[in-house]
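Colleague: My structure is below; once you've seen it, I'll send some questions.
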Amino acid sequence: MNSLIELTAEEIKQLADVEPKEASKKFELVANTMNDEQLVEVIEQMDIVTLTQINGEHDISCPSIMSELMSPEQIRDIVCQQPLYWEEKIKANADELATQTFDFLTYLIRVQPSTEKQTAILECLAEEPAALFYLSIPFIELILTPQEGDLSNNIADVFDDEDDGTTVGYTDRTESEEALSLEIDDPKSLLALIKELAPDVEKAIKSLLRNQSSNWQVVIGKFVSEVVTQAKEKNEEQDEFSEVDDMFSFLD
């Protein structure tokens, strides 16, 4: 079985290098023939580039069981890796970047099978500087330029530290979300979910953003530059470790 798992992971990796969409389809087919424990082993055999490529083919409307089975640490790592796949035209457009990061985070968090797993992911993201930068991007405009009369004012400003008991959470769609018309495609709803599940993470996002002195478009550009730079540095470190491993492979 170990051999089968290794062969499956290698086949999916090779597909991902050429056509990530086909690699994603292959994993879904494999999921019909293996149990969750075996699928987790397949995932553990894959490198972070392969996991990022495959998860990039999915969103909340088209989820993959892979996203549910990955560990919080693996999800953190793909969030840090994903900026390397941004097209230049997206990196130069603040609105598109805010939308793309929001969509990817919404998918990775909302698709999880339990609030405990969601909380673990959020806390794991906040521990890594690059991931926290990424996690903050969808909320930059919302926090730095709150609109007068915004619905968020009706929930005691979801960005305030004081909790008056009206924070909006998320199961499938809560009564509070219904009453305030907060849909899952609204950044305010995701931020409210973060506040409910991991209040320290929400505070870290606010602290990071409120220390910025520029307008929100400039801040997004700064954050994008930071996450891309850190992703490249991580890749270079991994390549160095790989070269060292190769040097001593004859000892195995």
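The values are calculated or read from the model by the stated rules, or taken from the named source; none is laboratory data. Only a predicted model underlies this, so the values are computations on that prediction, with no experimental measurement involved. Note: ideal-geometry Cβ built from the backbone for every residue, glycine included; neighbour counts use all protein chains shown.
Colleague: Suppose we filter Ile121, Ile109, Ile143, Ile137 for residues that are at pLDDT 80 or above, touching a Pro at 6+ places or on another chain (Cβ under 8 Å) and either in a helix (DSSP H, G or I) or charged (D, E, K, R) (or both); which single one remains? Show your work before the answer.
Modeller: Numbers: Ile109 fails: touching a Pro at 6+ places or on another chain (Cβ under 8 Å); Ile143 fails: touching a Pro at 6+ places or on another chain (Cβ under 8 Å); Ile137 fails: touching a Pro at 6+ places or on another chain (Cβ under 8 Å).
Only one candidate passes the filter, namely Ile121.
To keep it simple, each residue is scored yes or no on (1) surrounded by 15 or more Cβ atoms within 10 Å (Cβ to Cβ); (2) not acidic (Asp, Glu).
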| site | (1), (2) |
| --- | --- |
| Ser3 | no, yes |
| Ala9 | yes, yes |
| Lys13 | yes, yes |
| Glu44 | no, no |
| Leu51 | yes, yes |
| Asp59 | yes, no |
| Arg76 | yes, yes |
| Cys80 | yes, yes |
| Tyr85 | no, yes |
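Colleague: Can you tell me which condition Ile90 does not meet? The list is (1) over 16 Å from Phe223 (Cα atoms); (2) in contact with a helix residue (DSSP H, G or I) (Cβ under 7 Å, 6 or more places away or on another chain); (3) without any contact (Cβ under 8 Å) to a residue 60 or more places away in the chain, and all the others hold.
Modeller: All conditions pass for Ile90, except number (1).
Colleague: Restricting attention to region 15-24, does a residue exist that is more than 24 Å from Cys80 (Cβ to Cβ) and surrounded by fewer than 18 Cβ atoms within 10 Å (Cβ to Cβ)?
Modeller: Applying the first criterion (more than 24 Å from Cys80 (Cβ to Cβ)) to region 15-24 yields 22.
Applying the additional criterion that residues be surrounded by fewer than 18 Cβ atoms within 10 Å (Cβ to Cβ) yields 22.
Within region 15-24, one or more residues are more than 24 Å from Cys80 (Cβ to Cβ) and surrounded by fewer than 18 Cβ atoms within 10 Å (Cβ to Cβ).
Colleague: Something else about it: Would you kindly identify the helices (runs of 4 or more DSSP H) lying entirely within region 1-69 that contain at least 3 residues that are over 27 Å from Ala231 (Cβ atoms)? Before the answer, list the steps.
Modeller: Details: elements: 2-18, 20-31, 36-44, 48-55, 65-69.
Where helices (runs of 4 or more DSSP H) fall fully within region 1-69 and carry at least 3 residues being over 27 Å from Ala231 (Cβ atoms), they are 2-18, 20-31, 36-44.
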